[in-house]
1. Can you work out D for the range 57-110 in µm² s⁻¹ from Stokes-Einstein, where Rh is the Kirkwood radius over C-alpha pairs, the temperature is 20 °C and the viscosity is 1.002 mPa s?
2. Compute the Rg to Rh ratio over the range 1-108 from the alpha carbon atoms, using the Kirkwood formula for Rh, and round to two decimal places.
3. Among 75, 104, 119, which one shows the biggest mean-square fluctuation in a GNM of the chain, springs joining Cα atoms closer than 10 Å?
4. Between 0 and 90 degrees, rounded to the nearest ten: what's the tilt of helix 21-36 against the longest Cα principal axis of the chain?
5. Starting from the Kirkwood Rh over alpha-carbon pairs, what translational D in µm² s⁻¹ does the range 80-154 have by Stokes-Einstein at 37 °C and 0.692 mPa s?
6. Given only helices, namely DSSP H runs of n ≥ 4 each adding -39500 (n - 2.57), what is the per-residue ellipticity at 222 nm of the chain, to the nearest 500 deg cm²/dmol?
7. For the chain, what proportion of DSSP beta bridges, expressed in % and rounded to the nearest 5, is antiparallel?
8. Under 4 °C and 1.567 mPa s, how fast does the chain diffuse according to Stokes-Einstein, given a Kirkwood radius computed over C-alpha pairs? Answer in µm²/s, whole number.
Ligand SMILES: [Fe+2]
């Protein structure tokens, strides 16, 4: 059985609960890869221990349990947009991209992955052309989108239409999430925005 099968199938089930064609396409790509794509071992993330702790926060979604079991095979790294972000932010969060035009699961028009943000860390206002959905898997986050503030818990999802300014502060135990992009999925339009609550660009 390919290495990430239980995780990819669980992520596909959760992704498919989002009522959008792009979400269904992402779920289909995850299912196809679950049956065929073999992930090799990856060097541990600098935040490996923190990610493992976050996956065990009480109340975590089933996907977080599968994530912990697959941790040694997940390609965690700094965000693909890290060079555009404050340096302190890049060191306190991690992204494992699973679907992208560059792989590891190939798709020309989708991105999908996992996300970790350390306890209390603030990811200031930013925006991009891609449409985006985050779904919390473990922990909690105080979210800001379209000028509204709210708290997200495991199983909660938030959709950002293209160019919607958004920001998030990790809860006291940090958070794990899955995220997906569709539409214009290049990073050309990614930009940090002036943010009275955080670090200005
Ligand atoms: Fe975003």
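Read the figures in this text as sums done on the coordinates, not as results from a lab. What you see is a predicted model, and the numbers here were worked out from it, not measured in a lab.
1. The diffusion coefficient I find is 165 µm²/s.
2. On the Cα set of the range 1-108, Rg over Rh gives 0.97.
3. 104
4. That works out to roughly 40 degrees.
5. For these conditions, the coefficient is 235 µm²/s.
6. That comes out to -7000 deg cm²/dmol.
7. So the antiparallel bridges in the chain amount to around 95 percent.
8. Rounded, D is 78 µm²/s.
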